[in-house]
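Notes follow once the structure below has been shown.
Every number in this text was worked out from the coordinates using simple rules, so none of it is lab data. Quick caveat: nothing in here was measured; it's all calculated off a predicted structure. Neighbour counts are summed over all protein chains in view; Cβ atoms, including those assigned to glycine, are modelled from backbone coordinates with ideal geometry.
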Amino acid sequence: MSSLRLYLPLLLAILLGFFLRLHKLESAPLRGDEAFSVLYWADLPVSESLTQIAQGEPHTPLVYLVARVWRHIVGGIDSVFSLRMLSALGNLLGVSAMYALGGRLTGMSSLGLVAAWMFALHPFEIWHSQEFRNYGYWAGMSVTTLWLGLRLIERGGRLDWVLYAIAACFTTLTIYTEPFSLIALACFAIIERRGDPRFLRRLLLLQASIGLLLVIGFALIQVLPGFATSYPGLVQAFSPADYLMRFVPVLVLGTTIPFDMSAVGLATSLAVAFAGFILFRSCRRQFRFVALAALMPLLLLGLVSSHYNLFHPRYVLSAAPAFILALVLGCFGLAARLKRFIPLRPGALGLLLLAPWLVLALATLQAHYNDPAFRRAPAWDELGRFLNARVEDRDLVIQLSVDPAFGYYYQAAAPEMALPVHSAQPVDEIEAELERLRGSYDSVYVVAREQAGWANAGAVEAWMKDQLQAVLLTDTSGLPVRQYMDWTIRQQFDRELASFGDAVALLGHELTPYPLPTGELLLWIYWKPLARTEHSLKSFVHVYGDVNPATGSALWSQDDQYPQEGRLDTKRWNAGRVYRDVYYLPAGDLTDGEYQISVGWYDPASGARLALAGGSDAYALDSVQIAAASGAEG
C-alpha cells in the first residue's frame with residue numbers, strides 16, 4: 001500500500017503526459033522539416049540517406065538509422081500518428097527521468113514528483129513530442145542522461161558507468177548540441193569530485209570518446225563533402241537580448257504563449273533569476289547543478305551562433321529540465337523562508353507559488369492545440385486532397401514554396417516540380433523554364449506561395465498571368481491554388497448545342513461537381529462567336545432550385561460577366577474562334593438538393609436577352625446535386 005501511495009502520483013503524471021502527447025497527435029499536417037524527415041530519413045534506405053541526404057543537412061548519422069528503424073516498426077510512412085509516436089514515446093521518458101533527477105538532486109521525492117508533473121505538462125516538450133523529428137525523443141533521453149550522470153557522480157558503481165555510457169552515447173549521437181549538456185555535467189563533476197582525480201579522468205575520457213564518435217561522424221558526413229564550411233544556418237544569428245526575451249520564456253513555457261512575448265519574456269526571466277537567487281541562498285550544490293545545466297547550453301549555442309545562424313531554443317531543448325528544476329527548487333525554497341509569515345505548510349505554499357506557471361502553461365497548451373494563430377504548418381493535407389481529386393495525368397503542378405510537406409500529401413499521377421528552385425534563381429531563368437514547359441501539358445497548377453523575402457517572388461505567377469488563361473482561382477485554408485491553360489482551345493466540338501440570336505453559339509461546358517474550398521461552383525463554358533454585335537453583351541449563369549427563402553424566387557446563385565471578364569468585347573470579337581469563359585457560382589448558401597444551371601446572353605444597357613431558336617432566352621446547361629458532404633472531395 002505504501003508503494004502504491006508513493007508511485008501512484010508518478011504514474012498519474014506519466015499517464016497525463018502520455019495523453020497530452022497523443023491528444024490531436026495527427027490533427028496538424030506535417031511541416032516542411034518534419035516531412036523532409038519522413039521522406040528522406042524514414043523512407044530512404046540508410047545507405048542512401050547517409051550518401052545523398054546527410055551530406056547536405058546538419059544532423060548526426062544516428063537520426064537516419066532511428067527514423068528508418070521506426071519506419072519498419074510502424075510499417076511505412078502512411079500514418080502520421082504512427083510516425084509521431086516515436087517522439088511522443090521518447091519524450092515521455094523525461095517524465096520519470098525528471099522524477100528521478102529531482103529526487104536525487106534534492107533527496108526529496110516530493111520535489112522530484114513536482115518536476116515530473118511540470119515536464120508532463122510542459123508545452124515546449126509537448127510541441128516537439130508531436131512531430132517526427134529527433135528533438136522530441138532527444139529531450140526525453142537528454143534528461144535521462146542527466147539523471148544517470150548525476151547518479152554516476154554520486155555513486156560511481158560499475159552499473160552506473162555502463163548505464164550512463166549507453167545513454168550519453170545515444171543522446172550525444174542524436175544531435176550536435178547535446179555535448180553542451182555533457183560539458184555542463186563535466187563541469188559539475190569537476191567541482192563535486194575535485195578530490196577524486198581517478199574518477200574525473202575516467203569520466204572525461206568517457207565523454208571524450210563519445211565526443212570523438214560524434215566528431216568522426218561529422219567529419220565524414222558533413223566536413224569532407226564541404227557542407228560544414230558552406231552551411232550558414234537557417235535561423236537567426238546570435239542576439240544577446242534574445243536570451244531573456246525568447247530563450248528563457250520558450251524553455252520555460254513554449255512557443256505558443258498567447259500573450260505579449262516582450263512582457264512574458266521579461267517576467268519569466270525575472271522569475272527564473274529570482275528562483276535561482278533563492279536556490280543559491282538555500283543550497284549551493286543544487287544551484288551549481290541547475291545553473292550549469294541551464295546556462296551552459298545557452299552560452300555555448302550563442303558562441304556557435306556567432307558563426308552560424310543557429311540561435312534557436314529548440315537546439316538547447318536539453319536545458320528545459322534545468323529551468324523546471326530552478327522554478328521548483330526556488331519556489332519551495334522561498335516557501336520554506338516564508339513559512340513563519342504565512343500560515344500554510346511549505347509544500348502547499350510552494351505549489352501555490354508555482355501556480356502562475358501552471359496557469360500560463362495551460363493557456364499555452366490551449367493555444368497549441370486550438371489557436372489557429374499558432375498553427376504549426378500550412379494546410380498541406382487539404383491542398384493534397386484537393387489536387388489528388390482534381391489533377392489529371394496530362395497536367396503539371398508547380399509548387400512555389402519548395403516545401404517537402406507538399407510532396408508527402410500530393411499523390412496524383414501528374415508530375416510536380418518546385419519553382420523557383422531557390423531564392424536567388426534569376427527571373428529570366430525561371431521564365432525560360434516556363435517557356436520550355438509551355439505546350440507540354442493540358443494545364444498547369446501553381447500552388448502555395450514562395451518563401452517570404454525571396455527576391456524572385458511572383459515571377460512564376462506574373463509569367464502565367466501574362467501568357468495563359470487562369471481557369472481556377474481558389475485556396476485551401478490559405479494555400480493558393482491557380483490553374484492555367486492556353487488561351488487557344490485545342491478541344492474539338494462535334495456540334496453547336498445552342499445559338500443565341502445570331503451572335504454566339506454554345507459548344508460545351510465543364511462543371512466541377514462539388515464546391516471549391518472557397519465555396520464556389522466552378523464552371524467552364526466554351527463559346528463560338530457568330531457575328532459582332534451592336535452593343536457589348538454580357539453572359540449570365542444562373543442557378544435555380546426550390547424557392548429561395550432569402551429572395552422569394554427560385555434563383556440561388558449567379559455569375560454575370562463580359563466575355564473573358566472584359567478581355568473580349570462582342571462588338572469587336574472575331575467570328576469562328578472558340579474561347580473559354582470561367583464562372584464562379586457562390587454555393588455557400590445552397591442547401592441540400594438538386595439545382596439547375598441555365599445560361600444566356602443579354603444587353604446590360606437595355607436588359608434585353610438574346611433568344612434561342614425555340615424562343616427561350618436561357619439554355620438549361622446542367623444540374624448539380626448539393627449534399628452536406630459535397631465539398632469533402634475538394
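If you project the alpha carbons of region 554-601 onto the principal axes, what extent comes out on each, in Å, largest first?
Extents along the principal axes, in whole Å: 41, 17, 16.
Given just the C-alpha atoms of the chain, how large is their convex hull per residue in cubic angstrom?
215 Å³
Just to be sure I follow the rule: in the chain, considering lysines 8 or more places apart or on different chains, how many pairs have Cα atoms under 25 Å apart?
Close lysine pairs under the 25 Å cut-off: 6.
Please report the relative contact order for the chain, taking Cα pairs under 8 Å with a sequence separation of at least 6, and give it as a percent rounded to a whole number. The partial results should precede the final answer.
On the way: 1089 pairs, mean separation 61.2, N = 634.
Relative contact order here is 10 percent.
If you average the alpha carbon positions of region 127-174 and of region 397-444, how far apart do those two centres end up, in angstrom?
Centre-to-centre distance over Cα atoms comes out at 43 Å.
Using Cα pairs under 8 angstrom and six or more residues apart, how large is the relative contact order of region 468-608, in percent? Numbers along the way, then the final one.
On the way: 282 pairs, mean separation 34.7, N = 141.
Over region 468-608, the number comes to 25 percent.
What ranking, highest mean first, results for peptides 168-181, 276-289, 110-123 when packing means the other Cβ atoms within 10 Å averaged over each residue?
The packing order, highest mean first, is 110-123, 168-181, 276-289.
For region 257-329, just the Cα set please: Rg and Dmax, both in angstrom.
Final numbers for Rg and Dmax: 13.4, 39 Å.
Summing +1 for each Lys or Arg and -1 for each Asp or Glu, what net charge is found among the other residues whose Cβ lies under 11 Å from the Cβ of Ser539?
Details: positive: Lys538, Arg609; negative: Asp559, Asp560, Glu565, Asp581.
That sum, taken over residues with Cβ under 11 Å, equals -2.
Using a cut-off of 12 Å between beta-carbons, work out the net charge of the residues near Gln411 (Lys and Arg +1, Asp and Glu -1, Gln411 not included). Kindly include the intermediate steps, with their values, before the conclusion.
Working: positive: Arg385; negative: Asp78, Asp381, Glu416.
With Lys, Arg at +1 and Asp, Glu at -1, the net is -2.
Give me Rg over Rh for region 12-112, both radii from the alpha carbons and Rh done the Kirkwood way, two decimal places.
Rounded to two decimals, Rg over Rh is 1.09.
Would you mind giving the average projected area, over all directions, of the Cα convex hull of region 210-355 in nm² with one decimal?
Answer in nm², one decimal: 10.8.
Given the rule -39500 (n - 2.57) for each run of at least 4 DSSP H residues, summed and divided by the residues of the chain, what is its mean residue ellipticity at 222 nm, to the nearest 500 deg cm²/dmol?
-15000 deg cm²/dmol, from helical runs alone.
Where the centroid of each part is defined by its Cα atoms, how far is region 316-343 from region 566-615 in Å?
Result: 72 Å between the Cα centres.
What is the local net charge at Lys528, summed over the other residues whose Cβ is closer than 14 Å to its Cβ (Lys, Arg +1; Asp, Glu -1)?
Residues close to Lys528 contribute a combined charge of 0.
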